Amino acid sequence: SERGSEGKEKQESSNDDSIKKKTKNSSTDAESERGSTEKANEKKEVDASATSVDTAKRKDDLPTAPDKKVLQLSTMDADPSNFSKCASVSLADTHVALIVHATPSRLSSFVEHTCASWKKAIVMVVFLTSETEETWKTMKGEIDASKKCAQVTWVEFREEGVGEGSYPVNRLRNEGLRNVPGGTTHVLVMDADLVPSTGLEGAILRAVSREKGERGDEEGGVEAVVIPAFEKFDDAAEEPDMEEQEDQAAVPGSLSDLIECIALGSCGVFQEKDNPDGHSSTNTERWLQGKYYDDGGDKLERRPQQIGCFRSARYEPYVVVRWCDGATPFYDERFSGYGKNKIQYVSHLRYMGYAFSVLPEGEFVVHLPHGRSAAKAIWEANGDNVHMDMDVLYHRTFLKELQGKYKKGPRVRLCKAAKGY
């Protein structure tokens, strides 16, 4: 994970303007999301993004047939996995697995903080190259000897001909999903630079145990629980040659710690400066005031804050979802680097009929500062062409595939004043 990982806002906004014209009627409020007008607007949203691409320049770049080696929307349903049954589960039978991925150079904060905060199942996928094999062997021996991460299933990922500068992020996420322990009912996929608050695991268990019926929420659909995300600032971490910060003792572990950190100007909403739309729909300001539930009803019966519509098509929260056959998508592996790789997953959830709620109880994840990775340096050096490739794939291909597969369109739509892609 990088500050501004899904978009260097100032640069990407200009790239996106060449992809999609903003229209006032491209989306609707949640209150009227199911009518014929909304379906027409959703189609317009897809079509507008496609027709504004410079097709003369890019038409040869569009994929024409599925690559069987790369898991994508058209092939992921056939992927064999250790799914649980899509049935209602009690709190005692609810098991949430944390899925994380990293290179060896990014494991320090994971070992010191995440392994201490998350006590149950963790799957860590380590991306290895010929340059990092020996470092990893030494590091793994030290981790095992320390017994700090006994709950972790380590998955080593190697790909011939791929160096650290080419980071296949969605393939790593999928490897993590394939290796969840038996009996897992829910999964949370996040990046190694994010650290869970001390009570996050318990809050998630209580939140997801409120789900109703075999398919999830009270309306018969599935629900994604959004984890509020913050970051700890350190401007020095932007230096390319800086190693991961060693002095991370002041990582906020509780809501009171987080509020104090924000008051001191040392913490803020994740990517708020570089990608403000990325977590805007979480309505963090309301959440920080302890307003966790929608109005009405007894506290035990109240629903956690619902996200009725997205304020931006760039919204890319970290979410807990059910892990069961037919309800859980994989990540599309055509997306790599820092282009739309998480946005595509959130869009897939929307089209699958997921509702979105915000985790209550004041628990969160916080991103720790670090230097630029080799993959980020290459991504920035390649500039507009690499950004354009992922944008073209998303707008011209992926969104249309979603619309073709899920005829009803997304359950949670864009707000009337939503920002575009």
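The values are calculated or read from the model by the stated rules, or taken from the named source; none is laboratory data. Computed from a predicted model, the values in this text were never measured in an experiment. Neighbour counts are summed over all protein chains in view; Cβ atoms, including those assigned to glycine, are modelled from backbone coordinates with ideal geometry. To get the accessible areas, we keep the full protein, side chains included, count just its heavy atoms, and leave off ligands, DNA and RNA. Shrake-Rupley method; radii C 1.70, N 1.55, O 1.52, S 1.80 Å.
List of remarks:
- Meets criteria (modelled with pLDDT of 80 or more, farther than 19 Å from D193 by Cβ, in a helix (DSSP H, G or I) and touching a Phe, Trp or Tyr at 6+ places or on another chain (Cβ under 6 Å)) for S281: yes
- Members of segment 119-145 that are at pLDDT 95 or above and small (G, A, S): A121, G141, A145
Okay, residues lined up against (1) open to solvent by less than 20 Å² (accessible area, probe 1.4 Å); (2) of a type in the set (K, R); (3) modelled with pLDDT of 95 or more:
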residue: Q305; (1), (2), (3): yes, no, no
residue: F310; (1), (2), (3): yes, no, yes
residue: C324; (1), (2), (3): yes, no, no
residue: T328; (1), (2), (3): yes, no, no
residue: F335; (1), (2), (3): yes, no, no
residue: S357; (1), (2), (3): yes, no, yes
residue: H370; (1), (2), (3): yes, no, no
residue: A381; (1), (2), (3): no, no, no
residue: R411; (1), (2), (3): no, yes, no
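- Condition check for T135: within 27 Å of E333 (Cβ to Cβ) and either crowded, with 18+ Cβ neighbours inside 10 Å or touching a residue at least 60 places away in the same chain (Cβ under 8 Å) (or both): no
- Hits in segment 85-106 - residues which are of a type outside the set (A, V, I, L, M), in contact with a strand residue (DSSP E or B) (Cβ under 8 Å, 6 or more places away or on another chain) and within 26 Å of V365 (Cα to Cα): T94, H95, H101, T103, P104
- Any chance E363 is in a loop (DSSP other than H, G, I, E, B) and open to solvent by less than 10 Å² (accessible area, probe 1.4 Å): no
- Residues that are among the hydroxyl-bearing types (S, T, Y) number at least 1 in the following strands (runs of 3 or more DSSP E) confined to segment 78-185: 152-158.
- A residue that is part of a helix (DSSP H, G or I), of a type in the set (G, A, S) and at pLDDT 90 or above can be found somewhere in segment 245-262.
- Looking across segment 84-101, the residues that are over 25 Å from S336 (Cα atoms), in contact (Cβ under 8 Å) with a residue 40 or more places away in the chain and not basic (K, R) come down to S84, C86, A87, S88, V89, S90, L91, D93, T94, H95, V96.
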